[in-house]
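Below is one structure, written out as structure tokens; the observations come after it.
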Amino acid sequence: VSQAHEQPSPAEVARVASEVGARAEALRGLGAERRAAAIARAAAVLASPRTALGQRARASLPGATGLSPAMVAWALESSLAPVSQRALMDLMDAALAPATRAITTGAPAAPGATGAPDSMTARPVVPGLVAVILAGNVFTAGLRPVILPLCLGAPVVCKTSSREQVFPALLREALLHADAALGPALGVLCFGGGERDHERALLERADVVIVYGGDATVQEVRGRTPATARVIEHGHGTSAAYVGASALASEERARRAATALALDTAAYDQRGCLSPLVAWVRSGQAVDPRRFATLVHQALDALDRDLPRGPLDPVLGAAQMQWRGVAAVQGELFEGRGHAVAYSETPRGAPGPGWRNLLVRPCQGPAELTAELAGDRSLWGAHLKALGVACDQRELGELIRLLALCPRLCPRLCPLGRMQSPPFDAFAEGRTPLAGLVSWLSVEAGEIAGAEPAEPVT
Amino acid sequence: MIHDPGDARDALARRCATLIQTLARGARDDAERDALLVDIARWQARHIAPHGRLVHARARARGVDVNQVSSPALLPAVPTDVFRMARVAAHPPALDIKTFLTSGTTSGARGAHHLRDLSLYDLSAGAAAARALFPDVPRMTLVSLVPPEHEAPESSLSYMVARFHEWFGGQGSVHAWHQGALDLDRLAHALDRAVAADTPVALLGTSFAFVFAEDGLRRSWRLPARSRIMQTGGFKGRSREIAPDAMRALLEARYGVPESFIVAEYGMCELSSQLYETSLVDALAGRAGPRRLRAPAWVRASIVDPDTLTLVQGDQVGLVRIDDVANLDTAWAVQTSDLGRRVGDGLVLLGRAAGAAPRGCSLAVEEALGAVP
């Protein structure tokens, strides 16, 4: 298997894809329990600061990702620690259990055959090879698309971002250490995004393609993938937060919500699609939205000591400078070390460029929030990946009811403070965790004229 | 904002004009310039809302009191995007006598620089060009490849070049531009006449205009000695892009003007003063030095850290900030998105940090990182 550090030739990409794909039968032969156990062991090794591999990850990822060492450690632990054998098995059991259910057939197909009702059994079919194309903004985003197919028994070839090749390579190494029979079912490659020959060599051998990136990248990959393969798309995404009445009923409650929102904002330096760019804060409560903005600012200041932001690239610094300047002129700007919170009552207030620059806006409640999210399709709409909330059940119920009326809005709703650490077995972008990975062989049972009654196939 | 009856403003205007006139004669007095900049900053913070808000935000974040500071570097500059979002002027719209607009952006909003008085602009532009572009001649034939003023009344470049025609233009000066397009026949004719008469010319144009000319012209010239070229602006997606070194080589080959007589100008719609490369001045003085932009003495050009916006040390890469005494009524300090670094007594530009449109962090990050030079 090619190492990620050298650009392979198209022939080498083809060879790697073929070799990894050839592991499918052996991988399935390991059994789900052994696969899940190996993956859990690999995750634990990487998550731990005491193992050699965990230490290497902590040493090499800050340089590769631009995140601070403390942020890397937080990301490793928060994303890998939940990956247990039990959790993986529960997910597999729930998702892959053969299903039998009644179906309604139409008129008898032949004289003498019986009609409805009848039954159908479905068996899961696992892909022979999954190709994963990663973006480089959040390094742990590569975890889920790699471990879920492997746990299913599908080999994976992962094309890393040219900016961040370290984590997938470390994950492969951890898997090899955990189970020498499972590790080779993951191939890690790095080649340029526009390299058509390289890409073709990979895509035409894959049954499923999982692609992360901007909308244009996703669209291009979809267009170049053979029609016989399925594409699971993770395009451009944004996230937001909502702070409702109950979280603003007292200074203490507001401070708790602000601390949670600060963590969501600081995590991965606000580079990912699960990072909140805007927090809508309900007006007319004991703690008003402007005061809440200052609390988030204070919480981000405090967080900077434990989870400092990584260095800022000059190009992004320019974007930050422009955004902060406009924010200060249009509303109020609360700047701190490595972050800024803008408070704006004007609808023209634009979200920041990431890197811990948060916009706080007042709102009247779930109805206004939903209208804002549904109304700006270029920024939110289908791009909305997560909505972190701090409110009581009544307000949450109202929010859910309103969101369900918007066909394009299908975010993951979660408590503030958990936006950046989604469970690896959670829904993502409105899809179940294994959606698109598994296809189903369905067998309809029924009497066939002139034959013995058929037993359902299981 | 506090209403200014005009006395304080007029007193500052007189100080600005005196300083520019004094320093234009070749003196340097950075202390006097900085003191004036701080006084303008205090006045603008009281009379221009965006300044007031920026100063307030800076005071809150870093404890900087505009009434206590002695160095302009400690006070915030106005980011160029603010000119797209808010009116930056101490005077009401009724007093505008000129509004310069930035070129269009992908978002469609254009920055606006509202001026109630062009005297400081004229004084500064004239003095800077006299020192950097025309130090050896009072007048010469100008051939400009920019839209004439009547075709682009909102363009600060067209305004400036029009003034250059008045102040420095000799016989035969022409605009090689007609009805929204570069007029290559007129350009070729002007160059032929200059060669025939052995009269040096100054070609003034934008980078993309020179590229259009390069693509359209079928002939080359060897312009008379002491001919020169002023090249300004980027390409802004209007033509193919050419690296500065390659661009100068093309211009030298096409017009027969040596590279030392090719001078880049750095100006912005939001400023009233311009920076020029030192190549021509150095060549005329027989000096060899690195090609660099040098600010006139009444302008404070600095490189700031993109994150903290404080001055960087040494030749570190950062963002270009321009403090301009001639921007009395609008923004005494403008923070650009241009990347640069200090070289000797000047600076070099390293390109513009592509503005990350606020369309969600993941996309912005992808695009912005992809744009790192």
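About the Cα centre of the range B:91-240, what is the dipole size in debye to 20, counting +1 per Lys and Arg Cβ and -1 per Asp and Glu Cβ, all else neutral?
Its charge dipole is roughly 380 debye.
About the Cα centre, and with charges only on the beta carbon of Lys, Arg (+1) and Asp, Glu (-1), how big is the dipole of the range B:264-355? Nearest 20 debye, please. Let's see the in-between values first.
Working: 9 positive and 12 negative charges, 63 e Å.
With Lys and Arg at +1 and Asp and Glu at -1, about 300 debye.
So if I restrict to the alpha-carbon atoms in the protein assembly as shown, what is the Rg, and what is Dmax, the biggest pairwise distance, in Å?
Rg, Dmax (Cα atoms, Å): 32.1, 112.
Compute the Cα gyration tensor for the range B:162-263, then decide on rounded, prolate or oblate, letting a ≥ b ≥ c be the square roots of its eigenvalues: rounded whenever a/c is under 1.5, prolate when a/b is larger than b/c in the other cases, and oblate in all that remain.
rounded
Provide A:D288, A:D264 in ascending order of the number of other Cβ atoms located within 10 Å of each residue's Cβ, fewest first.
In order of increasing Cβ crowding within 10 Å: A:D288, A:D264.
Remind me, relative contact order of chain A in percent, using alpha carbon pairs under 8 angstrom and six or more residues apart?
18
Ordered by residue, what ³J(HN,Hα) values in Hz, to whole numbers, does the range B:245-256 give under the Karplus form 6.51 cos²θ - 1.76 cosθ + 1.60, where θ = phi - 60° and Gly and Pro are x?
Coupling constants for the range B:245-256: 4, 5, 5, 5, 5, 5, 5, 5, 5, 6, 10, x Hz.
Assuming R0 = 25 Å, can you tell me the calculated FRET efficiency for the pair A:E25 and A:A81, based on Cβ-Cβ distance, to the nearest 0.05?
Calculated transfer efficiency: 0.20.
Peptide B:74-81: average number of partner chain Cβ atoms within 10 Å per residue?
4
May I ask you to sort A:I133, B:I242 by Cβ crowding, counting other Cβ atoms within 10 Å and putting the fewest first?
Values: A:I133 26, B:I242 18.
Starting with the residue having the fewest Cβ neighbours, the order is B:I242, A:I133.
Taking the Cα atoms of chain B, what is the range of coordinates along each of the three principal axes, in descending order and whole Å?
63, 50, 43
Test of understanding: in a Gaussian network model of chain B with alpha carbons linked when under 10 Å, which of B:A59, B:A246, B:A125 would top the mean-square fluctuation ranking?
Most flexible of the set in this elastic network: B:A246.
Normalised by the residues of the range B:1-157, what does the relative contact order come to in percent, with Cα pairs under 8 Å and at least six apart?
Answer for the range B:1-157 is 20 percent.
May I ask which residue of B:S70, B:A86, B:A27 lies farthest towards the positive end of the charge dipole of the range B:1-125, with charges of +1 (Lys, Arg) and -1 (Asp, Glu) on Cβ and the Cα centre as origin?
B:A86
With both bridge residues required to lie in chain B, what share of the DSSP beta bridges run antiparallel, to the nearest 5%?
That works out to approximately 60 percent antiparallel.
Looking at the protein assembly as shown only, what percent of DSSP beta bridges run antiparallel? Nearest 5 please.
Around 45 percent antiparallel, to the nearest 5.
Just so you know, all these numbers are worked out from the coordinates, no wet-lab data involved. Since this is a predicted model, take the numbers as computed values, not measurements. Note: ideal-geometry Cβ built from the backbone for every residue, glycine included; neighbour counts use all protein chains shown.
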